[in-house]
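Trainee: Sharing a structure with you now.
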Amino acid sequence: MIKLHDGGAYLVNGTEIIPDNAEAQAAVTAKTGKTVTKQEAAQQTIAYGILKDHNTSGNMDKLKIKFDKLTSHDITFVGIIQTARASGLEKFPIPYVLTNCHNSLCAVGGTINEDDHMFGLTCAKKYGGVYVPPHQAVIHQFAREMLAGGGRMILGSDSHTRYGALGTMAMGEGGPELVKQLLCQTYDINMPGVVGVYLKGAPVKGVGPQDVALAIIGAVFANGYVKNKVMEFVGPGVSALSADFRIGIDVMTTETTCLSSIWRTDEQIKEFYEIHGRSEEFKELNPGQVTYYDGLIEVDLSAIKPMIAMPFHPSNTYTIEEVNANLADVLHDVEERAKVSLDGQVPYSLADKVVNGKFMVDQGIIAGCAGGGFENICAAADILKGRYIGSDEFTLSVYPASMPVYMELIKNGCAATILETGAVMKTAFCGPCFGAGDTPANNAFSIRHSTRNFPNREGSKLQNGQISSVALMDARSIAATAANKGVLTPATEFDGEFGKYKYHFDANIYKNRVFDSKGVADPSVEIHFGPNIKDWPKMVALTDNLVLKVVSEIHDPVTTTDELIPSGETSSYRSNPLGLAEFALSRKDPAYVGRAKEVQKAEKAREALISGESDVHPCAELPEIKAVMRVIKTQFPDLTHETFGIGSTIFAVKPGDGSAREQAASCQKVLGGWANIANEYATKRYRSNLINWGMLPFLIEKGELPFKNLDYLFIPGIKKAVEEKADTITAYKVGGDGLTPFTMTLGELTDEERQIILKGCLINYNRV
């Protein structure tokens, strides 16, 4: 059903694939009568055209992108605006939409949540933005309905910022990249590779967008086939899919670790814009007559079966048919994988989910930017019609992605159908996607049409002995399972008919409730600051040398941002850098925060000693540093406290998969982190977050580490190495028997990124 080409490929007339080999160009000429070079053909991708239109560098190898629009939600926009304000923000130079879909419910109580919302509203007024109140829409649905446009580029501070199906190249990045756009700076990347996703055929009845998405994710995640590349969806199969169906696939491309996505557009996308009263935003997009792709994924839509991503990653995919046919083997495989994901912190077994030879599910959720679309919920209603979910443990919750979608479901009767089954319908809220709503019971198994199923993501807490499992499925198969009272069931077993529902968008819902400044700033507005909203603490510039203590060592194959900074109720402290930092790595390495803060005491003492604010020596705050410095000075006798910084670092094999939230990096920074050390970084956005917070993104070769947790490292001349673009960095493990050298690299850095690191963070870079 899915074929990955070993190399690149040409696409001729949008329909014929010619693999890149010795005969490829001759075959192209035979088909077209033209001689086209690979370089010329690579410029015929849809992606290349959009990137060229938004590039300000004049060099298509080194892009400096300016986006058309920005969007953020309430986990991120306070920190972004606070960073921009500290950097000199006067007004939003481009449309900036602030949604409030992530903490519409506040787990810790008090005024924290609404204080942040009022901060957002007053900032939208002061700086000229758009404010979407809680429960109106999840961030990406509002963007689809009101922001997307053909040939446009949108930058969002959420990893699932993907509107490619609508002809919009969108990227999800950490907050500092949005700050740069607010300060009229650029998004700097090398020209990314473009991988074609060639769709053919049409889905069979019962197969939905999540099934197609999971099949693709399962094929490309582990091998990195599309990592940091653009996925371009082409081929005749595109036209076999509705706009909603395409959107449902597109939003999940984030889980492949690609940079962005774009699709060819047609009459169905034109109709989408017309329905939403924005017909002028449609643009027909197609690859050129001869187009070259750096890789090609062939997807036979007719061969896709209902899928399930078993815990604890979207790439852990099986067909539901396969799971049901081989229950013992599949569940054993999941349990073995869980040992790695859970570090053996809690006992984990799925054996009790098998009842009379059937796999029993405890909870179903259809929600958010992936599952809460109109067609998904209508299809679920059709499957559930005349059935009921039962009065036992199984529960079903449905979250329409926006109030306009909810309104149409009420008008066409689908909402009533769903409610009659015993299911619950809720308002637009991302809670189930990040652990702030519908957390299952301990040892329960939840099936969800949402975006991710990482450990802890749904709200369980390993450190408290609480664990539940989430599997990803399409809304249709979730409904089929619900109709079967929790027995895992693919939607292809549904023998009824799916209705043909016409969508009508009610623009008045937003006109009557959403604040839109129309781009006009009002400097007289006073920003609402709640007591939990704090400024970023002072951050110092990179010192000549560094003394770093390794305070966490993580050997999981991949470390997610949810493990670096947990979501859920911790996100209530999102506007308080120091308050949120208390939760850093709390569900992965609970000792991390205490260790980092102990080291930070020495650095703060060093800074106070230099400024004359105190005469307390760093060794007095951290006695163990005295012995460390004694060893270092055997080879570097000229070191003084003015020339070296003291901080912490972590090692992780492959950190940064998952959310774009900058807090994964900034929490380390405010606790005194100077660097990360990794074999590779899972995503560009996490590495960018490290850089923008002035942290060194070290890379070290795979294999046995030259240091271990709690060791001290000495990195001499690091400032000079960054300035002079050194290829390798010599560091030393500090031991009782002396200094043991090893080497690291920093990977490619732009001149601006080097300056940000040298200054200590993006705020300092823009202040100085």
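Trainee: Tell me whether the stretch 270-290 contains one or more residues that are touching a strand residue (DSSP E or B) at 6+ places or on another chain (Cβ under 6 Å) and part of a loop (DSSP other than H, G, I, E, B).
Mentor: For the stretch 270-290, residues touching a strand residue (DSSP E or B) at 6+ places or on another chain (Cβ under 6 Å) and part of a loop (DSSP other than H, G, I, E, B): present.
Trainee: Looking only at the stretch 456-500, which residues are β-branched (Val, Ile, Thr), crowded, with 23+ Cβ neighbours inside 10 Å and in contact with a strand residue (DSSP E or B) (Cβ under 8 Å, 6 or more places away or on another chain)?
Mentor: VAL470, ILE478, THR481
This table checks each residue for (1) surrounded by 20 or more Cβ atoms within 10 Å (Cβ to Cβ); (2) in contact with a Ser or Thr (Cβ under 8 Å, 6 or more places away or on another chain); (3) under 30 Å from LYS502 (Cβ atoms).
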{"site": "LYS270", "(1), (2), (3)": "no, yes, yes"}
{"site": "GLU274", "(1), (2), (3)": "no, no, yes"}
{"site": "GLU280", "(1), (2), (3)": "no, no, yes"}
{"site": "PRO287", "(1), (2), (3)": "yes, yes, no"}
{"site": "THR291", "(1), (2), (3)": "yes, yes, no"}
{"site": "GLU298", "(1), (2), (3)": "no, no, no"}
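Trainee: Identify the residue in the stretch 586-606 that is crowded, with 19+ Cβ neighbours inside 10 Å and in contact with an Asp or Glu (Cβ under 7 Å, 6 or more places away or on another chain) and, among all such residues, is nearest to GLY656 (Cα to Cα).
Mentor: LYS588
Trainee: All but one of (1) under 25 Å from the mean Cα position of the chain (by Cα); (2) over 26 Å from ASN190 (Cα atoms); (3) crowded, with 19+ Cβ neighbours inside 10 Å hold for VAL108; state the number of the condition that does not hold.
Mentor: Condition not satisfied by VAL108: (3).
Trainee: Can I ask one more? Quick test for you: out of GLY109, GLY33, pick the one residue that is outside the structural domain of THR750 (by TED's automatic domain parsing), at pLDDT below 90 and either under 30 Å from GLN663 (Cα atoms) or polar (S, T, N, Q) (or both).
Mentor: Details: GLY33 fails: either under 30 Å from GLN663 (Cα atoms) or polar (S, T, N, Q) (or both).
Exactly one of GLY109, GLY33 is outside the structural domain of THR750 (by TED's automatic domain parsing), at pLDDT below 90 and either under 30 Å from GLN663 (Cα atoms) or polar (S, T, N, Q) (or both), namely GLY109.
Trainee: With (1) aliphatic (A, V, I, L, M); (2) within 28 Å of VAL195 (Cβ to Cβ); (3) not assigned by TED's automatic domain parsing to the domain that holds GLU232 as the list, and VAL290 as the residue in question, which single condition is left unmet?
Mentor: That leaves (3) as the condition not met.
Trainee: Tell me which residues, restricted to the stretch 412-430, are among the hydrophobic types (A, V, I, L, M, F, W, C) and at pLDDT 95 or above.
Mentor: Residues of the stretch 412-430 that are among the hydrophobic types (A, V, I, L, M, F, W, C), as a first pass: 414-416, 418-419, 423-425, 428-430.
CYS414, ALA415, ALA416, ILE418, LEU419, ALA423, VAL424, MET425 - these are the residues of the stretch 412-430 that are among the hydrophobic types (A, V, I, L, M, F, W, C) and at pLDDT 95 or above.
Trainee: Out of the residues in the stretch 567-584 that are part of a loop (DSSP other than H, G, I, E, B) and out of contact with any Ser or Thr (no Cβ under 6 Å at 6 or more places or on another chain), which is modelled with the lowest pLDDT?
Mentor: Looking only at the stretch 567-584, we keep the residues that are part of a loop (DSSP other than H, G, I, E, B), and these are 567, 574-576, 582-584.
Add one more test, that the residue is out of contact with any Ser or Thr (no Cβ under 6 Å at 6 or more places or on another chain), and what stays is 567, 574-576, 582, 584.
Working: SER567: 79, ARG574: 85, SER575: 90, ASN576: 91, GLU582: 94, ALA584: 93.
Per the criteria, the residue is SER567.
Trainee: Taking LYS601, is it at pLDDT 95 or above and either outside the structural domain of SER567 (by TED's automatic domain parsing) or under 40 Å from the mean Cα position of the chain (by Cα) (or both)? I'd like the intermediate steps shown before the answer.
Mentor: On the way: at pLDDT 95 or above: yes; either outside the structural domain of SER567 (by TED's automatic domain parsing) or under 40 Å from the mean Cα position of the chain (by Cα) (or both): yes.
Taking the combined requirement at face value, the residue satisfies it.
Trainee: Which members of the stretch 400-413 meet the condition of being in contact (Cβ under 8 Å) with a residue 60 or more places away in the chain and in contact with a Phe, Trp or Tyr (Cβ under 7 Å, 6 or more places away or on another chain)?
Mentor: Residues of the stretch 400-413 in contact (Cβ under 8 Å) with a residue 60 or more places away in the chain: 401-405, 407-408, 411-412.
Hits for the stretch 400-413 are SER402, PRO404, VAL405, GLU408, ASN412.
Trainee: So which of GLY164, GLY120, GLY128 is surrounded by 24 or more Cβ atoms within 10 Å (Cβ to Cβ), within 23 Å of SER524 (Cβ to Cβ), touching a Phe, Trp or Tyr at 6+ places or on another chain (Cβ under 6 Å) and not β-branched (Val, Ile, Thr)? Give the derivation first.
Mentor: On the way: GLY164 fails: within 23 Å of SER524 (Cβ to Cβ); GLY128 fails: surrounded by 24 or more Cβ atoms within 10 Å (Cβ to Cβ).
Just one listed residue meets the conditions, GLY120.
Trainee: If you don't mind, there's one more thing I want to ask. Search the stretch 35-57 for residues that are assigned to a helix (DSSP H, G or I) and pair each with any residue that is of a type in the set (Asp, Glu) when their beta-carbon atoms are under 6 Å apart and the residues are at least 6 apart or on different chains.
Mentor: As it stands, the answer is ILE46/GLU232; ALA47/GLU232, since those pairs meet every condition given.
Trainee: Six or more apart or on different chains, Cβ under 7 Å: which pairs go from a residue in the stretch 423-448 that's more than 24 Å from THR489 (Cβ to Cβ) to one that's crowded, with 24+ Cβ neighbours inside 10 Å and aliphatic (A, V, I, L, M)? Could you list them?
Mentor: That search, which allows pairs on different chains as well, returns ALA428/ALA137; ALA428/VAL138; ALA428/ALA401; CYS430/VAL138.
The values are calculated or read from the model by the stated rules, or taken from the named source; none is laboratory data. Because the structure is a prediction, the values reported are computed rather than measured. Backbone-built Cβ (ideal geometry, glycine too); neighbour counts: all protein chains shown.
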